[in-house]
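The values are calculated or read from the model by the stated rules, or taken from the named source; none is laboratory data. Only a predicted model underlies this, so the values are computations on that prediction, with no experimental measurement involved. Cβ sites come from the backbone with ideal geometry, for glycine too, and all protein chains shown count toward neighbours.
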Amino acid sequence: MKTLITGGGGFLGQKLAKALAEVGEVRGEKITSLTLCDVVPPAKVDASFPVQTVTADISDKDAAAKLFADNPDVIWHLAAVVSGAAEADLDLGIRVNLFGTLNILEAARHSGVAAGRAPIVIYASSCAVHGGEEPEVIVDGVELNPQTSYGAQKAMGELLLNDYSRRGLIDGRGLRLPTVSIRPGKANAAASSFMSSIFRDTLQGNKSNCPVPRDFSVWHTAPRTMIHNLKHAAEIDGAAFGANRNLNLPGRTDSIGDMIDAMTSVAGPEAEALITWDTDPVIEAIVVGWRAFYLTNKGLSLGFKADDSFEDSVRFFLEDDIEKAAG
Ligand SMILES: NC(=O)c1ccc[n+]([C@@H]2O[C@H](COP(=O)([O-])OP(=O)(O)OC[C@H]3O[C@@H](n4cnc5c(N)ncnc54)[C@H](O)[C@@H]3O)[C@@H](O)[C@H]2O)c1
């Protein structure tokens with residue numbers, strides 16, 4: 001199996017690459033190659049199969065086509081300009097999230113024709129496609145009503161994924177990701193960045209600001225669970241998704257206050273003392289438009305997983321990702 005990850009230098013791209021290197025196979029067949037593409041040079045990943053790193057911009061049609069030179073069988077399309085950045089720069093978001101996605105789908109289409117079979121394309125959409133005049137609890141089949149440019153661009157990608165799949169050009173699987181917390185490393189430009197930073201940074205002994213109140217509810221999932229679900233998306237039969245190849249991934253709803261209490265129960269009270277509570281109207285305006293409550297029957301019936309508790313997410317972070325102070 002030849003595999004490709006766009007956004008392969010990012011948070012989930014790197015974790016997915018390491019997970020593929022560990023398991024060494026997809027759909028019961030050995031992985032024979034992995035290409036990691038990113039607009040910034042992706043870090044190398046050790047594996048028993050060849051891993052190629054490519055620095056390329058998917059909004060460049062020719063550069064996107066070149067990524068498909070070996071006709072990959074499974075593509076995880078994770079490259080994107082994230083929510084805060086896409087809201088701040090409409091042109092950039094449209095270029096990467098809409099046209100970049102179209103470029104990847106077109107390249108997959110032509111590569112599939114050359115290879116004589118439709119490649120599997122797993123698309124990272126977002127729960128930001130939901131909002132506005134939608135029910136408080138999102139169920140499968142609810143219309144999309146994004147309240148940000150990022151959400152609108154992700155929703156357009158979903159429609160393209162469906163149409164290319166309906167035509168048999170690709171075998172698409174679109175996953176609407178909950179906020180992935182606790183994200184390691186540095187804060188990013190996602191409006192949801194604080195949903196990781198108030199745990200990650202404080203657990204690492206640094207201050208962090210929470211721009212929303214304690215009773216603000218969040219739809220979230222842990223990185224470990226997310227990587228399981230990204231891998232799982234390649235394993236199931238595409239037709240099982242039905243006419244809509246996109247679904248809401250399982251996740252958890254917790255209030256920020258309950259998540260902080262979970263952190264305290266696992267790691268002690270020191271971290272919470274480092275949280276400040278200054279409101280941020282820009283962040284609040286974006287995240288209040290997101291939905292926190294979902295019933296994900298379709299995702300669960302297809303074998304996608306949800307987390308059991310946020311305590312687990314804290315433990316996973318301490319085991320997998322915490323940056324230990326030197327010395
Ligand atoms: N992490 C989350 O909480 C979350 C939630 C919902 C959806 N998602 C989606 O999941 C995917 C992965 O998210 P992530 O958290 O790993 O984000 P990330 O920002 O860490 O990774 C995205 C990668 O895409 C790359 N990229 C940006 N523009 C590019 C371009 N023009 N060409 C090639 N690469 C480009 C970035 O350099 C980055 O490394 C994204 O599509 C994101 O929208 C993530």
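A few comments on the model shown:
- Residue within segment 241-255 that is β-branched (Val, Ile, Thr), on the phi < 0 side of the Ramachandran plot and not in a loop (DSSP other than H, G, I, E, B) present: yes
- Leading residue by the ranking (nearest to the ligand (Cβ to nearest atom)) among those in segment 49-80 that are closer than 19 Å to ILE170 by Cα and among the β-branched types (Val, Ile, Thr): ILE58
- Criterion (out of contact with any helix residue (DSSP H, G or I) (no Cβ under 7 Å at 6 or more places or on another chain) and more than 21 Å from LYS154 (Cβ to Cβ)) met by exactly one of THR276, THR253: THR276
Residue-wise test of (1) among the β-branched types (Val, Ile, Thr); (2) closer than 19 Å to GLU235 by Cβ.
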| position | (1), (2) |
| --- | --- |
| THR35 | yes, no |
| ALA43 | no, no |
| VAL54 | yes, no |
| ASP57 | no, no |
| ASP60 | no, no |
| LYS66 | no, no |
| LEU78 | no, yes |
| SER83 | no, no |
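- Some residue of segment 259-270 being outside any helix (DSSP H, G or I), crowded, with 17+ Cβ neighbours inside 10 Å and at pLDDT 95 or above: no
- Checklist (1) modelled with pLDDT under 95; (2) closer than 22 Å to LYS15 by Cβ applied to ILE104, failing item: (1)
- Scanning segment 177-193 for residues that are of a type in the set (A, V, I, L, M, F, W, C) and within 29 Å of ASP140 (Cβ to Cβ) turns up LEU177, VAL180, ILE182, ALA190, ALA191.
- Pick from segment 211-232, criterion buried (at least 22 other Cβ atoms within 10 Å of the Cβ) and among the hydrophobic types (A, V, I, L, M, F, W, C), ranking: nearest to ASP280 (Cα to Cα): VAL218
- Looking across segment 1-34, the residues that are polar (S, T, N, Q) and away from the ligand (no atom under 12 Å from the Cβ) come down to THR3, THR32, SER33.
- Whichever residue in segment 185-224 is small (Gly, Ala, Ser) and away from the ligand (no atom under 13 Å from the Cβ) and, among such residues, is farthest from the chain's Cα centre (by Cα): GLY205
- Verdict on ALA63 being of a type in the set (A, V, I, L, M), free of Cβ contacts under 8 Å to residues at least 60 places away in the same chain and not in a helix (DSSP H, G or I): no
- Those residues of segment 150-184 which are over 12 Å from the mean Cα position of the chain (by Cα) and near the ligand (Cβ under 8 Å from one of its atoms), in sequence order: TYR150
- Candidate set from segment 125-140 (those that are within 16 Å of the ligand (Cβ to nearest atom) and in contact (Cβ under 8 Å) with a residue 60 or more places away in the chain); member that is surrounded by the most Cβ atoms within 10 Å (Cβ to Cβ): ALA128
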